[in-house]
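Peer 1: Handing you a structure now.
The values are calculated or read from the model by the stated rules, or taken from the named source; none is laboratory data. These numbers come from a predicted model, not from an experiment. Here the Cβ positions follow ideal geometry from the backbone for every residue, glycine too, while neighbour counts run over all protein chains shown. These accessible areas exclude ligands, DNA and RNA; they are computed on the full protein's heavy atoms, side chains included. Shrake-Rupley method; radii C 1.70, N 1.55, O 1.52, S 1.80 Å.
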Amino acid sequence: MAAFALKINGQTHQVDVDPSTPLLWAIRDGAGLTGTKYGCGVAQCGACTVYVDGQTVRSCSLPVSAVGSSEVTTIEGLDSKEAKAVQKAWVALDVPQCGYCQSGQIMSATALLNLNPAPTDRDIDLAMNGNICRCATYVRIRAAIHGAAKTLEG
Amino acid sequence: MTVHDKTIHATALSRRSLLKAGAGLAIGAYIARGGKAFAQAPAPAAYNIAPNTFVIIKPDNTVTVLCKGIEFGQGQFTGMATLVAEELDADWSQMRADHAPSNPVLYKNLLFGVQGTGGSSAVANSYIQMRQVGAAARELLVAAAAETWQVPAAEITVESGVIKHASGKEGRFGEFADKAMQMPVPSDPKLKDPSTFKLIGSEGIVKRLDSADKTDGKALYTLDIHEPDMLTVVIARSPKFGGTVKSFDATAAKAIPGVVDVKQVPTGIAVYAKGFWPAKTGRDALKIVWDDSKAETRGSAQLLSEFRALSKTPGKVVKSEGDFDGSMAKGGRVVEVEYVFPYLAHAPMEPLNGYLKWEGDTAYARYGCQFPTPDHAVIAQTLGIPMEKVKLDVILAGGSFGRRAQQTTHVARELAEVAKAMGPGKPIKLVWTREDDMRGGYYRPYSIHRMRGVVRDGKIEAWSDTIVGQSIMKGSAFEAMTFKDGLDSTSYEGSNEIPYDVANFKCDMHQVDVGVPVLWWRSVGHTHTGYAVEAFVDELLEAAGKDPIEGRLELMGKKPRHAGVLKAVAELADWKKAKVETGRARGVAVVESFNTFVAQIVELSMTDDGPRVHKVWCAVDCGVAVNPDIIRAQMEGGIGFGLGHILYAEQTLDAGRPVAGNFDTYRSLRINEMPEIEVVIVKSTEKPSGVGEPGVPPLGPAVANAMAKLGVGRPRQLPIVPGASA
Ligand code: FES
Ligand code: FES
C-alpha cells in the first residue's frame, strides 16, 4: 500500500492503494467516483475512459503510480462547452440504452470534438472504435456527434 | 381484434397505501385474474416490506411510476410511464420512473406469474394494467378536485397535467394528491379509446426518462454500490465446468494488502477484500488444485463431430405434416445443408454482480436483478430466513441480453453463500470480472440444424429440420412450463412452425446433455432457428428460381403479419427497382419471435475481414406501437447485436475449458462496423408485443442470403469470421 494524492476534477483525493492498482480502481474504490466504468480491464472496451492531462486514457490499464501529479478528468468533471454539447445531443437523440458504456463514449466523443470540431464519419470511426457498446447504440452515437458538432458551429 | 387483451383484465383494485414520506397519492395494483397461470402466486403471510404502489404523485406534481421489471436498456421505465401518463392525462415533463422492489404478489409479471423480466414481455404484460393504474389515479384526482371545488366530477377535465373546471378553476395534480388518497378507489376505471391517445404512439413528445442520468455518470449500477466496511468479493471458479476444489493454499493471497479473508464457498474460493483490485490480485495469488473427475472435458471439435453424427440420424419428431420421406423419394432438386451454431456469451457491458448485507435474521440485497421472485426465494433459503425477512431492491443493470435472468438463480445463490461464509453484519459486493463472465458458462447453446428439402416444378415440396442441441430449461423451475413430450420447446421454437406452406414437413430433435451450463440469449431459440429457416428457405427459393421476397410471399397465405412486414421492408428498400452498386448484394429474412414480426433487408459487400454490411432496412409489427422511438432503438440495437455475433463471436472449448476470456478473443461489433439503419413500424391495432429481442433473429440469415447473392455462399458454420480477435 502507498498513499497517492490524485488530482481528479480539480480536487485532490488521498487514496491508499497498492502502486500497481489501475487508475480506474483508484478513481472508483479510492476516490468514490463511480461514473467511470469497468467493462474489460484490458484496454479493449473504453468504458473506463478518462483524461490524464487532457489526453484520453484507458484507466483500467494505467497504474496509479504512473499518474503522478497529472490532472485526471472523469465524466463527473466534464464541463467544457464541447462536453455540454455532446451531453445535450445524447439526450436529444436518446442515445443510451443500458447506459453502462456511455460515460466512456461521451469522454471519447468530447475529446474528438475538442480536436476536430467537424468530424466526418471516418473521423468518428477512428476516434470511437475503441469504445464498445454492447447495446449497439452506434447509429445514435454517430448522429449525436454530428449533432453536437452542428450546435458548436453556432 | 381490439387492443384489449381479454386474458388480462382487471377485476378489482387489490390495495393501495400511503407513502409516509412525501405524502401524496399512491395507487396500488390492479391484479389480473384472467388466466389461471397468474392466479396462483404464493402470498407470503407477512408481506409488508414494500410500498404497495405503482404510481406516486407528490405535492411537487411529479408522478413516479414504479416498474415491476428491470430497466437495462430496453426502455421499460419510459414504456411504463407512457402507459400511466396516457390515462392520467399527465404532462410528460412531470413523469418519473423507478424500480419497484421485489414483491412476488404485487409486482409479478402477468405472463410469468412471478416477478421477472424476459421474453420481451414488459409492455405486453403491463399494457392494460398500467393504464388502469393511470386511469384510477386520474379518477381519484378528479374526485378530489370536484369535492374541493364543490362541482360535479363530470364537469372536470384533465389535460397535460392540469385539472380544470368550466368556472375557471384549475389546479395541478400535487394540490389534490393528499385529498385523493381519502377518496374511494374506483374498482373498474374507464380506459381511453385508443383513437384518443396522445402519448401512446406519439413521436417527439415522449423522451426516455433515463437518458440524462446516463450521460453524466450519475446513473447508479450495482458495481457502483459502495458502503463503509463493504467488502468486494471475487471468486476463483473451476476453469472447467463441473470441476471442484480438491485443495487450496491461500497464504500468498492473504498476504496481499487489502485482502481481508479467503473462504471456500460452493462455487469456488472467495477472496474478500477492501476494493476490487486487492480482491482480484488476491485471487490471482491463490494456489488451487482442481478435481476434474466430474468435469466436462470435451473440446469443440469433439462436440461438433458428435453433434454432426447425431444430426444424420432421425431425432424425436416435434412435428410432422404430409409425407416428408415419400415426397423426397419422388426426386427433384434435393438440397441438404448443415448449419452449425457456436456457444455464445451474452457479455453484457456490466459483468454480473450483486450487493448483500446479511444481519443474521434479516438481509438486504440490492442489484440489477432480472428475476426478483426466484432470486429472493433462494437468498432467503440460503441464509435460512423467511422470504419476508429479506428485502431485495432492484436497480439499473448494464445490459443483460438474457444473462441476468437465471433459471438456476446461480448468482443470487452465490451472493448469499458468500455473505453466509463471512458471517452476519458484513456488507459484501460480489463482482464477476469480464473473464469470469466470458468463461462462466450460461451460453447460448451450441447446436446444429440439418436441413433437407426438395424442389419440384419450381415449388418447395418437402422440408425437414433435424436439430441437435442442448436444453436450456432441463432441471430448472421452468422445465414444466417449456417442455413438451420430453423436449425443450425453446430449442426448436421457430423450426417447428415455419411461416411457409410446405405440404410435406418434418421437424425432429436430438436433445443432448453437455456439461456446459446454457441459458436463453437475446431471442432464445430464434437465434438459431431463425437462421436455419430463413437461410434454407432462401436457398430453396433460389433452387426454384424465385425472387426471395415474391417467393416467400407466395408461401405465406396463412401468415398476414409476416407478409405485412415483408412487403413493408421491400417497399422501404425499394427491393424491386433499387440499383445495387457493383460488388454489393442484398439479402432478406423475416422472423416472428415473441409475437412480434420483423423483416430485414441487408446490403453488403465482401472485404478481407469478411462481410461489410452497409445498410439494413427493417420493418417491425409489434402491435400497437407504444413508444415508436424506443421500438426503433431496439431494432437498431438488435441489428448491431445480431450482426456482431453472427460475424465474429463464439465461445470454443479446449478440452472442456472455455477459451475466449475477454473482448480481445470474443470480438464485439464496433462503431466502424455498424451499418446505416432505416426502420419502419407497421401500423397495427393488435395488442402490443415486445421489441427487446425480435430485432436480432432476421439479421443473420439476411446477411447469409446477401452473401449467397454475391456468390460467396451462405455460411454453414457461424461465426462468419471465425477465430476473430479484435
Ligand atoms: S475497462 Fe478499460 S478499456 Fe475496458
Ligand atoms: S448503452 Fe449499453 S453498452 Fe452501450
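Peer 1: Tell me the residue from B:Thr596, B:Thr607 that is out of contact with any Phe, Trp or Tyr (no Cβ under 8 Å at 6 or more places or on another chain), modelled with pLDDT of 95 or more and open to solvent by 50 Å² or more (accessible area, probe 1.4 Å), please.
Peer 2: Of B:Thr596, B:Thr607, the one residue that is out of contact with any Phe, Trp or Tyr (no Cβ under 8 Å at 6 or more places or on another chain), modelled with pLDDT of 95 or more and open to solvent by 50 Å² or more (accessible area, probe 1.4 Å) is B:Thr607.
Peer 1: Which count do you get for residues in the range A:84-95 that are within 16 Å of ligand 2 (Cβ to nearest atom) and either in contact with a Pro (Cβ under 9 Å, 6 or more places away or on another chain) or more than 10 Å from every other protein chain (Cβ to nearest Cβ) (or both)?
Peer 2: Number of matching residues: 1.
Peer 1: Kindly indicate the residue of the range A:1-32 that is among the aliphatic types (A, V, I, L, M) and facing chain B (nearest Cβ under 8 Å) and also nearest to ligand 1 (Cβ to nearest atom) among those meeting that condition.
Peer 2: Per the stated criteria, the residue is A:Val17.
Peer 1: Right, here's the next one. I'd like to check something: does the range A:103-114 contain any residue that is free of Cβ contacts under 8 Å to residues at least 12 places away in the same chain and within 16 Å of ligand 2 (Cβ to nearest atom)?
Peer 2: No, the conditions are met nowhere in the range A:103-114.
Peer 1: B:Glu227 fails exactly one of the following numbered conditions: (1) modelled with pLDDT under 95; (2) open to solvent by less than 40 Å² (accessible area, probe 1.4 Å). What is the number of that condition?
Peer 2: Against the list (1) modelled with pLDDT under 95; (2) open to solvent by less than 40 Å² (accessible area, probe 1.4 Å), B:Glu227 comes up short only on (2).
Peer 1: Please determine, by comparing only the residues of the range A:121-140 that are within 16 Å of ligand 1 (Cβ to nearest atom) and part of a helix (DSSP H, G or I), which one is farthest from the other protein chains (Cβ to nearest Cβ).
Peer 2: Within the range A:121-140, the match that is farthest from the other protein chains (Cβ to nearest Cβ) is A:Ala127.
Peer 1: Right, here's the next one. Which of the residues spanning the range B:654-684 are within 18 Å of B:Arg632 (Cα to Cα) and in a loop (DSSP other than H, G, I, E, B)?
Peer 2: B:Met674, B:Pro675, B:Val682, B:Lys683, B:Ser684
Peer 1: May I ask you to say which residue of B:Ala532, B:Ala563, B:Ala568 is open to solvent by less than 20 Å² (accessible area, probe 1.4 Å) and in contact with a strand residue (DSSP E or B) (Cβ under 6 Å, 6 or more places away or on another chain)?
Peer 2: Of B:Ala532, B:Ala563, B:Ala568, the one residue that is open to solvent by less than 20 Å² (accessible area, probe 1.4 Å) and in contact with a strand residue (DSSP E or B) (Cβ under 6 Å, 6 or more places away or on another chain) is B:Ala532.
Peer 1: Between A:Ala143, A:Ala118, which is outside any helix (DSSP H, G or I), among the aliphatic types (A, V, I, L, M) and open to solvent by 10 Å² or more (accessible area, probe 1.4 Å)?
Peer 2: A:Ala118
Peer 1: Let me ask something else. Sort out which residues of the range B:655-682 are open to solvent by 30 Å² or more (accessible area, probe 1.4 Å), in contact (Cβ under 8 Å) with a residue 40 or more places away in the chain and more than 12 Å from chain A (Cβ to nearest Cβ), and write them in order of number.
Peer 2: Within the range B:655-682, B:Ala655, B:Arg657, B:Val680, B:Ile681, B:Val682 meet the criteria.
Peer 1: With B:Gly360, B:Gly354 as the choices, which residue is at pLDDT 95 or above, more than 16 Å from ligand 1 (Cβ to nearest atom) and in a loop (DSSP other than H, G, I, E, B)?
Peer 2: Criteria check complete, one pass: B:Gly360.
Peer 1: Turning to a different aspect of this structure: Would you mention how many residues in the range B:484-495 are assigned to a strand (DSSP E or B) and crowded, with 19+ Cβ neighbours inside 10 Å?
Peer 2: The total comes to 2.
Peer 1: May I pose another question? Among the candidates B:Tyr343, B:Tyr355, which residue alone is touching a residue at least 40 places away in the same chain (Cβ under 8 Å), of a type outside the set (A, V, I, L, M) and within 14 Å of chain A (Cβ to nearest Cβ)?
Peer 2: B:Tyr355
Peer 1: Given the conditions (1) more than 8 Å from every other protein chain (Cβ to nearest Cβ); (2) in a loop (DSSP other than H, G, I, E, B), report the number of the one that A:Lys150 does not fulfil.
Peer 2: Single failed check for A:Lys150: (2).
Peer 1: Whether any residue in the range B:464-483 is closer than 17 Å to B:Tyr531 by Cα, among the basic types (Lys, Arg) and open to solvent by 40 Å² or more (accessible area, probe 1.4 Å) is what I want to check.
Peer 2: no
Peer 1: Could you say which residue among A:Val86, A:Val72 is within 16 Å of ligand 1 (Cβ to nearest atom), touching a residue at least 24 places away in the same chain (Cβ under 8 Å) and not in a loop (DSSP other than H, G, I, E, B)?
Peer 2: One residue alone meets the criteria, A:Val72.
Peer 1: Let me ask another. Among (1) open to solvent by 10 Å² or more (accessible area, probe 1.4 Å); (2) more than 12 Å from chain B (Cβ to nearest Cβ); (3) within 16 Å of ligand 1 (Cβ to nearest atom), where does A:Val67 come up short?
Peer 2: Here A:Val67 meets the rest and fails (1).
Peer 1: So which pairs qualify, if the first residue must be in the range A:120-149 and of a type in the set (Ser, Thr, Tyr), the second must be within 16 Å of ligand 2 (Cβ to nearest atom), the Cβ gap must be under 7 Å, and the two must be at least 6 apart or on different chains?
Peer 2: Matching pairs, first to second residue: A:Thr137/A:Val95; A:Thr137/A:Pro96; A:Thr137/A:Gln97; A:Thr137/B:Gly637; A:Tyr138/B:Gly640; A:Tyr138/B:Ile671; A:Tyr138/B:Met674.
Peer 1: Please report, ordered by residue number, the strands (runs of 3 or more DSSP E) entirely within the range B:97-210 with at least 2 residues that are in the same structural domain as B:Thr53 (by TED's automatic domain parsing) and open to solvent by less than 50 Å² (accessible area, probe 1.4 Å).
Peer 2: B:156-159, B:162-165
Peer 1: Quick test of your reading of the structure: A:Lys81 fulfils all but one of (1) farther than 18 Å from A:Ala144 by Cβ; (2) more than 9 Å from chain B (Cβ to nearest Cβ); (3) not aliphatic (A, V, I, L, M). Name the failing condition by number.
Peer 2: For A:Lys81, the exception is condition (1).
Peer 1: Can you find a residue in the range A:40-48 that is crowded, with 18+ Cβ neighbours inside 10 Å, within 12 Å of another protein chain (Cβ to nearest Cβ) and in a helix (DSSP H, G or I)?
Peer 2: Looking for residues that are crowded, with 18+ Cβ neighbours inside 10 Å, within 12 Å of another protein chain (Cβ to nearest Cβ) and in a helix (DSSP H, G or I), one finds none in the range A:40-48, hence no.
Peer 1: With a cut-off of at least 2 residues that are open to solvent by 50 Å² or more (accessible area, probe 1.4 Å) and in the same structural domain as B:Tyr446 (by TED's automatic domain parsing), name the strands (runs of 3 or more DSSP E) lying wholly within the range B:252-343.
Peer 2: In the range B:252-343, B:316-321, B:333-341 are the strands (runs of 3 or more DSSP E) which contain 2 or more residues that are open to solvent by 50 Å² or more (accessible area, probe 1.4 Å) and in the same structural domain as B:Tyr446 (by TED's automatic domain parsing).
Residue by residue, here is whether (1) under 30 Å from B:Thr232 (Cα atoms); (2) in contact with a Ser or Thr (Cβ under 6 Å, 6 or more places away or on another chain) holds:
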| site | (1), (2) |
| --- | --- |
| B:Glu435 | yes, no |
| B:Gly440 | yes, no |
| B:Ile448 | no, yes |
| B:Val454 | no, no |
| B:Ala477 | no, no |
| B:Met481 | no, no |
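Peer 1: Only one of these is in the same structural domain as A:Ile27 (by TED's automatic domain parsing) and within 16 Å of ligand 2 (Cβ to nearest atom): A:Cys48, A:Cys98. Name it.
Peer 2: A:Cys48
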